[in-house]
Structures are given as C-alpha cells and as structure tokens.
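Structure, as structure tokens:
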Amino acid sequence: MSDTKNNYKVSLGLKDHYVICNWSNIGDSIIRQLHDTSLERINSVSPIIIITDKPERIPNNLDKEYEGVLVIIGDPATQSILKRAEIEKARSVLILAEDDESDKADNKSTMIALAVDSICSSVHTVVEIMNSKNKLYLKYTNADEIVCVEEIGGNLLAQSAMTPGISKVYMDLLTQSESSEFYQVDIPDTYLNHSYSEFKNKIFSKQELEVILVGFITIESKMADDGSAIINGHGNERMEQKVYINPNNQEAKHKFIKGDQVIVIAYDKPDFSGII
C-alpha cells in the first residue's frame, strides 16, 4: 500500500478502479471484498484508491488484498484531490460515513457527493449515511445508491424474526466467495425494444445457462417526495437507476432500452450476447 501527498497534476494512469472517500471501521472489510482472491478467476480485481485526511486510521497491512491499494492524503470533498484520483475514469466511487456523530458524518458525505458531481456526474457513486432522514439531501445529487446502515440493520433483523435463517441467505449473497453471487448484466442489443417477459422466457428455455433471473434495472426520472420530477441546474430532469425485483405482470411489459441491465444470481457473470 502506497501513499501520495503532492504533485496533484501528475496522472496516476488508472482506469476502471475504485475510489473510496473517507475511512471507517468497515473500510477493511470493503478492501477484502473488492480484492477477494475468488475474483481472480474472472480477472475483475481492480486498483483501489483511498482518499482520506485521517490516513493514520488505515491499517498498515501486508495482506494480499491490500496489493494495488493507493492512499491519497487530503479532504475528499476537495476537487483537486478528487481529480488526482481520476474519478472520471473510475468504476465506482464509494463515500463512507466516518466514525463520527451521525449528522456531522452525513453532512460531510453529502459535500463529497456534490464535489464528485461537479467533476463527473456520470460516475457510479455509492454513499453511506448513518441517519435515514439525511437521505433527503442526497436526492439532489447524482448519487446512484444511498446505503443507510440503520435501515439495513433494522430491516434485516425484522426479516430474520419473520423468516428464521434469512439473514444467512443475505450474507452469503452479499459476501464475495466461490458460491453464487449477484450480477448485473447488460441487455444484448438483439433484445432492445423487447420486453422483460420475452427475455425471461428465453432464459428459462436455456437451462444450460445456470442462472436465476431476479429482475431488471432501467433509468427513470428522479422523483421528489411530492411526486414531481427533480430538475437540475440546467433545467433537465435528473435521472436515476430504478430496480425492479421479481417484476409483476405490468412491470414485466417494460421494453428494454440501451443501458438497461438484468439482475441474476450465478456462479460467474454470464454472457447473454449469444442467446439468440
């Protein structure tokens, strides 16, 4: 693991990497998931850049999972430092809630999300927040996913009480391993303008694929609490990913457009390009 402090004009020459903003006690687990050795079988291990103004919190770890991890010291809400991490070329940006008072931590995460927007609004951005009421402020950013720890913990506990053992299913699917995982797979061009139902029937007829079709993801207008579309500073509607799990009959009529993806459970990421 290496670090860099100065000379922010020098390009690191990275692309398709992960950028982690801030550091907390879950950072180690994230590093180990993103660099799990099971990923080597599909050649998907990507470099990781950590941006933090508290580098002393990061463990000086020599484990294999920490190979290809670079630390940039500075405030991740600063544009020059985000540019140093070349976020416009990144696979994903993860903004962690620091181990701090919840509102203060969420305010910092929101500021970082806005700074990311100002540089590259299209990069996939995941924001962790501590207090669910603060999700409101992130609606007006281009954050793709907002993860609230208190919501996940509470929901998982309730589901486990109603359906004993379900937490083990969630944990297995959420942990990178040699078993089945969730994958998002691009819709083949041959299935654009075809419905989800048609695609599902084709997948079911191809038993050799060994996949479970879970749902699909498309792009829709981002909506405010009153049901109106959220407009950005240029007068255009903000867009966001919309996930449909086990679509009902009406939702399954959705006609795929460019950029849509299906969600599957499989041992390896499947290739649907040749299903027709």
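Quick look at the numbers
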quantity: Around D100: net Lys/Arg minus Asp/Glu count, Cβ-Cβ under 11 Å; calculated: -2
quantity: Neighbour-count order for D144, D106, D260, fewest beta carbons within 10 angstrom listed first; calculated: D144, D260, D106
quantity: Per-residue HN-Hα couplings for the stretch 101-112 [Karplus 6.51, -1.76, 1.60; θ = phi - 60°; Hz; x = Gly/Pro]; calculated: 4, 4, 5, 5, 5, 5, 4, 5, 4, 5, 4, 5
quantity: Lysine-lysine proximity count for the stretch 160-276, Cα under 24 Å, sequence distance 8 or more or distinct chains; calculated: 25
quantity: Per-q log10 I(q)/I(0), the stretch 166-258, q = 0.14, 0.16, 0.23 Å⁻¹ (Debye; single scatterer per alpha-carbon; no solvent); calculated: -0.71, -0.87, -1.21
quantity: Cβ charges +1 (Lys, Arg) and -1 (Asp, Glu), total dipole of the stretch 2-154, debye; calculated: 540
quantity: Antiparallel bridges, percent of DSSP beta bridges restricted to the chain (to nearest 5); calculated: 50
quantity: Net +/- balance of residues flanking N131 in space, Cβ distance below 15 Å, scoring K and R +1, D and E -1; calculated: -4
quantity: Hydrodynamic radius of the chain per Kirkwood, over alpha carbon pairs, in Å; calculated: 20.6
quantity: Dipole moment magnitude, nearest 20 debye, the stretch 50-94 about Cα centre, only Lys, Arg, Asp, Glu C-beta charged; calculated: 120
quantity: The chain - percent relative contact order, Cα under 8 Å, separation 6 or more; calculated: 16
quantity: Nearby lysines by direct alpha-carbon distance to K15 (threshold 18 angstrom, same-chain neighbours under 8 apart not counted); calculated: K83, K89
quantity: Spin-label model distance (nm) - L62 vs A266, 7 Å beyond Cα toward Cβ; calculated: 4.0
quantity: J(HN,Hα) series, the stretch 77-91, from Karplus relation 6.51 cos²θ - 1.76 cosθ + 1.60, nearest Hz, glycine and proline x; calculated: 8, 8, 4, 4, 6, 5, 5, 4, 7, 6, 5, 5, 9, 6, 6
quantity: The stretch 81-186: C-alpha gyration tensor shape, a/c 1.5 cut-off, then a/b vs b/c; calculated: oblate
quantity: Longest to shortest principal axis, alpha-carbon extents of the stretch 2-154, angstrom; calculated: 38, 36, 30
quantity: For I20, residues with placed amide H under 5 Å, excluding near neighbours; calculated: I49, I50, I51, L94
quantity: Nonlocal amide H pairs with G215, under 5 Å, H built at 1.01 Å; calculated: N246, I263
quantity: Positive minus negative residues near E237 (Lys, Arg vs Asp, Glu; Cβ under 14 Å); calculated: +2
quantity: Using a Förster distance of 41 Å, the FRET efficiency for E208-S167 (Cβ separation, nearest 0.05); calculated: 0.80
quantity: Rounded FRET efficiency, nearest 0.05, which uses the C-beta distance separating E150 from I73 and R0 of 41 Å; calculated: 0.85
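Bear in mind these aren't lab numbers, they're just calculated from the coordinates by the rules spelled out. Bear in mind that the values here come from a model prediction, so they are computed numbers and not experimental data. A quick note on method: Cβ atoms are made from the backbone with ideal geometry, for glycine too, and the neighbour counts reach across all protein chains shown.
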